[in-house]
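First the structure, in the form of structure tokens, and then the observations on it.
Taken together, the values in this text are just the output of simple stated rules run on the coordinates, not laboratory data. Keep in mind it's a predicted model, so treat the numbers as computed, not measured.
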Amino acid sequence: MAAVGLGDREYARAFREETGIGFPLLIDEERRTYRAAGLRKASLLHLLRRSNATARSRARQAGHRQHRLGQNPFQLGGSFVFAPGDAVRFAHVSETFGDNASPEALLAAVRGPSPSARHEP
């Protein structure tokens with residue numbers, strides 16, 4: 001497992017310290033990985049979406065907080081599970097803030113028997 005984030009080494013170090021993640025955090029200051037994966041950028045209008053407000057409320061209730069904004073706070077994310085042979089087992093491209101793949105879906109893709117299967121929630 002690895003994460004790809006925007007920002008420089010200092011931002012990645014601070015993020016790692018704040019979150020306590022124990023897996024590799026790769027840096028993509030130029031958004032090359034994001035573009036290659038077809039990940040979108042949000043706009044100010046995304047902030048007004050009801051789904052965004054719901055996601056923010058759910059995150060606050062679970063004890064999460066917004067970390068320091070990076071160099072591109074409107075970059076949307078995604079979640080992917082790859083298998084040997086360049087097989088994509090799972091791909092989720094976020095439509096807006098708070099639109100994340102469920103941990104259950106990710107684990108199912110990791111455990112899945114067929115590397116050629118593609119799941120999109």
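Under a 5 Å amide H cut-off, with hydrogens placed 1.01 Å from N, F90 pairs with V81, H119 among residues at least 5 apart or on other chains.
Across all Cα pairs in the chain, the calculated P(r) in 5 Å bins from zero up to the longest distance comes to 2, 10, 16, 21, 22, 17, 8, 3, 0 percent per bin.
Taking amide H as placed 1.01 Å from N in the peptide plane, the amide H of G77 sits under 5 Å from that of S94, each at least 5 places away or on another chain.
Restricting to DSSP H runs of at least four residues, report the calculated mean residue ellipticity at 222 nm for the chain, -39500 (n - 2.57) per run over all residues, nearest 500 deg cm²/dmol. -8500 deg cm²/dmol, from helical runs alone.
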